[in-house]
Amino acid sequence: MSSTYPVPDNVAEQAWIDAAGYQKMYEQSVADPESFWAEHGKRIHWFKPFSQVKDVSYGPGEVKIRWFHDGTTNVAHNCIDRHLDTKKNDTAIIWEGDSPSDHKHITYGELYEEVCRLANAMKANGVKKGDRVTLYLPMIPEAAYAMLACARIGAIHSVVFGGFSPDALAGRIRDCGSTFVVTADEGLRGGRKVPLKANTDKALESCPDVKTVLVVRRTGGSVTWAEGRDLWYHEELGKVSDDCPAEEMNAEDPLFILYTSGSTGQPKGVLHTTGGYLVYASMTHQYVFDYHDGEVYWCTADVGWVTGHSYIVYGPLANGATTLMFEGVPNYPDASRMWEICDKHKVNIFYTAPTAIRALMREGEQPVTKTRRDSLRLLGSVGEPINPEAWLWYYNVVGEGRCPIVDTWWQTETGGILITPLPGATPLKPGSATRPFFGVKPVIVDAEGHHLEGATEGNLCIADSWPGQMRTVYGDHERFVQTYFSTYPGKYFTGDGCRRDQDGYYWITGRVDDVINVSGHRMGTAEVESALVAHAKVAEAAVVGYPHDLKGQGIYAYVTLVAGEEPHEELRKELVTWVRREIGPIASPDLIQWAPGLPKTRSGKIMRRILRKIAENDYSNLGDTSTLADPGVVDDLVANRMNRA
Ligand code: WT7
């Protein structure tokens, strides 16, 4: 796909940044990051201004990342209080419920009151600065209130996606030692109820340190109640005042922990801090989405993922924007829902994931074209590479050829967008995340870490820090150093493969580690494997990704049963259910192949390269199999492969 879509004149004229502006500002940002970020660091309000800008070492030796480290500020103050003089009666959050008949507008004034009350209720129940608070909530305004209330009092939130299982929730609660949980009676998605409180009760059976559970009443469904532990949100908020001063936080005080999957072991707690994160989230939100005052901006992510943190809550609210929060799913009540929401709330900027686009594409054009979408002026994509076919449909059918698409590449670890078009500056190529944001220095390296110049392909690293970068893995700085700074010393390694074309455009080719990307959600193959082997009938399991039409990647599991167990269809179903229960529906294996043996080296290491090839249905050239302990197992796996598409 070589066609290029130039920047429309009308877009360039009204945009914050045009092509010349991008060039100049980008060059400044990498030539002199200190003065660039000294200037842009001022975009947020500081109680005590910083005098230090960047204090970073990527090793060797200590890995240390600090930005603006002698400044003090508060994220909730920046997202709310700072706007009250001019925007008290402007809408901060448009909430659209699961049912099309359910919506409300929350003004900045109301947001202030809600957040202050919740902050006071948390304090009244013992939450202090530095405490970890776990949020296990549906997409309701209280999720944003709870994040901001934590930020206001200096507590560190850990949002756990409502689709995760009780076990997954419990593991995350224990890992960060949180003693306070906020949840809801039930969530509501696509007309179906999600038993959040019941899941929490189950999780807490193995979390003895949790003292308090604050429960939002969402559906009114019946819940079991632990006296002395469980409290109703609405009752607690009724007992406190709506005035809660914002805690003065150091720029490097933690703001949140968010668990994400890695190539090995259990999910790690990505830690983001206060000042640099907010500067970066707000700046990228303004420039990447070319946000102008008064516009309605909608990011369809869930607050359980980093996209929801940076681009539903923190970035937009720091910019005084109107941010739309949607409780439901794209195909409920029908496949027009997204576009009907755009019409109903006059959405100007719409940001979603390729997997949603592909799913809607299947339904044909009619559900889109029957809506107006005339308020839309900009589209965004995030979470995985967008295939050119989906890009073109998004561009031509949804955007009617009028709306640039910003294909934004970033990660939980990066806090904000790193590689992306700017709508007024960057000609688009379908499938390419295009160019780096200000201050970002991508480098492509080969397996030995040599820099590859010009048009090339290899592994993507970032050569220097940016303010939104994660600071550590919560409780395990060594794992942080190992995961991101040891493969290619002196550089941040992203885990992604990448191609750079002759125009200097970046094309992300997907993960090069044992992480798979299912519908834009990250899943560690090791996590799925450990869930499978926890089943009594499973002796061994190896999990890889394979190309999936809708999900981008599907989960392919090779399972060896314990001696004496015979494979059968019921067991296959049972294992799928088992993994869903252990981790959550997003981890469900799509294909399970019974494997009498797995291809292993003589030292016992599973050769995943071969398993990946078979799963991709590309078994003709399996490469060198002579080092296998038992080359015969490969023939059996090929003969019985599941993905014959
Ligand atoms: C991984 C990060 C960042 C928020 C959502 C996912 C993949 C993300 C793109 C894109 C190609 C992308 C990468 C990355 N990814 N955006 N625009 N083009 N790939 O966050 O769960 O931390 O996953 O998602 O592989 O490493 P995450």
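Observations on the structure shown:
- Yes/no for SER158 being among the polar types (S, T, N, Q) and not in a loop (DSSP other than H, G, I, E, B): yes
- Any hit, the range 7-21, residues being over 30 Å from GLY401 (Cβ atoms) and either crowded, with 21+ Cβ neighbours inside 10 Å or touching a Ser or Thr at 6+ places or on another chain (Cβ under 9 Å) (or both): no
- Verdict on VAL303 being closer than 20 Å to CYS176 by Cβ, part of a helix (DSSP H, G or I) and not hydroxyl-bearing (Ser, Thr, Tyr): no
- Matching strands (runs of 3 or more DSSP E) fully within the range 488-555 where at least 3 residues are within 26 Å of THR426 (Cβ to Cβ), within 13 Å of the ligand (Cβ to nearest atom) and not hydroxyl-bearing (Ser, Thr, Tyr): 492-500, 506-511
- Being within 16 Å of the ligand (Cβ to nearest atom) and modelled with pLDDT of 95 or more holds for only one residue in GLY328, GLY380, and it is GLY380.
Per-residue answers, yes or no, for (1) closer than 20 Å to THR200 by Cβ; (2) in contact with a His (Cβ under 9 Å, 6 or more places away or on another chain); (3) modelled with pLDDT of 95 or more:
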{"position": "VAL75", "(1), (2), (3)": "no, no, yes"}
{"position": "ASP90", "(1), (2), (3)": "no, yes, yes"}
{"position": "ILE93", "(1), (2), (3)": "no, yes, yes"}
{"position": "GLU96", "(1), (2), (3)": "no, yes, yes"}
{"position": "PRO100", "(1), (2), (3)": "no, no, yes"}
{"position": "LYS104", "(1), (2), (3)": "no, no, yes"}
{"position": "ALA119", "(1), (2), (3)": "no, no, yes"}
{"position": "VAL127", "(1), (2), (3)": "yes, no, yes"}
{"position": "ALA143", "(1), (2), (3)": "yes, no, yes"}
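- Scan of the range 176-197 for residues that are of a type in the set (Val, Ile, Thr) and in a strand (DSSP E or B), ordered by number: VAL181, VAL182, THR183, VAL194
- Looking across the range 12-37, the residues that are more than 28 Å from the chain's Cα centre (by Cα) and either modelled with pLDDT under 95 or aliphatic (A, V, I, L, M) (or both) come down to ALA12, ALA19, ALA20, ALA31.
- The helices (runs of 4 or more DSSP H) located wholly in the range 563-645 that include 2 or more residues which are of a type in the set (Gly, Ala, Ser) occupy 632-639.
- Cβ pairs under 9 Å, 6+ apart, first in the range 114-138 and in a strand (DSSP E or B), second among the aromatic types (Phe, Trp, Tyr): ARG132/PHE180; ARG132/TYR474; VAL133/PHE180; THR134/PHE180; TYR136/PHE161; TYR136/PHE164
- Members of the range 605-640 that are touching a residue at least 24 places away in the same chain (Cβ under 8 Å) and at positive phi: ASN617
- Take the conditions (1) of a type outside the set (S, T, N, Q); (2) touching an Asp or Glu at 6+ places or on another chain (Cβ under 7 Å); (3) assigned to a strand (DSSP E or B); ASP55 misses just one of them, which is (2).
- Breaking point among (1) more than 26 Å from PHE438 (Cβ to Cβ); (2) in a helix (DSSP H, G or I), for PHE480: (1)
- Neighbours by Cβ (under 8 Å, 6+ apart or cross-chain): first from the range 261-277, at positive phi; second part of a strand (DSSP E or B) and surrounded by 24 or more Cβ atoms within 10 Å (Cβ to Cβ): GLY265/GLY524
- Residue, surrounded by the fewest Cβ atoms within 10 Å (Cβ to Cβ), within the range 598-640, restricted to residues that are at pLDDT 90 or above and among the polar types (S, T, N, Q): ASN640
- Looking only at the range 199-242, residues that are of a type in the set (Lys, Arg), over 30 Å from the mean Cα position of the chain (by Cα) and under 13 Å from THR183 (Cβ atoms) come to 1 in all.
This table checks each residue for (1) within 16 Å of the ligand (Cβ to nearest atom); (2) at pLDDT 95 or above; (3) small (Gly, Ala, Ser).
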residue: ASP374; (1), (2), (3): no, yes, no
residue: GLU389; (1), (2), (3): yes, yes, no
residue: TRP393; (1), (2), (3): no, yes, no
residue: ASN396; (1), (2), (3): no, yes, no
residue: GLY424; (1), (2), (3): no, yes, yes
residue: ARG435; (1), (2), (3): yes, yes, no
residue: LYS441; (1), (2), (3): no, yes, no
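- Of the residues GLY520, GLY524, the single one that is modelled with pLDDT of 95 or more and under 15 Å from the mean Cα position of the chain (by Cα) is GLY524.
- Look at the range 42-68: where a residue is on the phi > 0 side of the Ramachandran plot and a partner is at pLDDT 95 or above and among the aromatic types (Phe, Trp, Tyr), sitting 6+ places away or on another chain with Cβ atoms under 7 Å, you get GLY59/PHE485; PHE68/PHE50.
- Residues being of a type in the set (S, T, N, Q) and in a helix (DSSP H, G or I) - total across the range 60-84: 1
- Unique residue being within 15 Å of the ligand (Cβ to nearest atom), outside any helix (DSSP H, G or I), at negative phi and touching a residue at least 40 places away in the same chain (Cβ under 8 Å) when the list is GLY431, GLY416: GLY416
- Checklist (1) away from the ligand (no atom under 16 Å from the Cβ); (2) in contact with a strand residue (DSSP E or B) (Cβ under 6 Å, 6 or more places away or on another chain); (3) of a type outside the set (Gly, Ala, Ser) applied to GLU227, failing item: (2)
- Within the range 316-380, helices (runs of 4 or more DSSP H) holding 2 or more residues that are touching a Gly at 6+ places or on another chain (Cβ under 7 Å): 354-361
- Residue satisfying condition, being basic (Lys, Arg), over 20 Å from VAL7 (Cβ atoms) and out of contact with any helix residue (DSSP H, G or I) (no Cβ under 6 Å at 6 or more places or on another chain), within set ARG377, ARG362, ARG372: ARG362
- Filtering the range 377-424 to residues that are of a type in the set (A, V, I, L, M, F, W, C) and within 30 Å of VAL481 (Cβ to Cβ) leaves VAL382, TRP409, TRP410, ILE417, LEU418, ILE419.
- Pick from the range 398-413, criterion touching a residue at least 60 places away in the same chain (Cβ under 8 Å) and closer than 24 Å to GLU340 by Cβ, ranking: farthest from the ligand (Cβ to nearest atom): ARG402
- Within the range 120-142, being farther than 16 Å from ILE153 by Cβ and either touching a Ser or Thr at 6+ places or on another chain (Cβ under 7 Å) or aromatic (Phe, Trp, Tyr) (or both) holds for TYR136, LEU137.
The values are calculated or read from the model by the stated rules, or taken from the named source; none is laboratory data. On a predicted model such as this, the values are computed, not experimentally measured, just so you know. Here the Cβ is made from the backbone with ideal geometry for all residues, glycine too, and neighbour counts use every protein chain on show.
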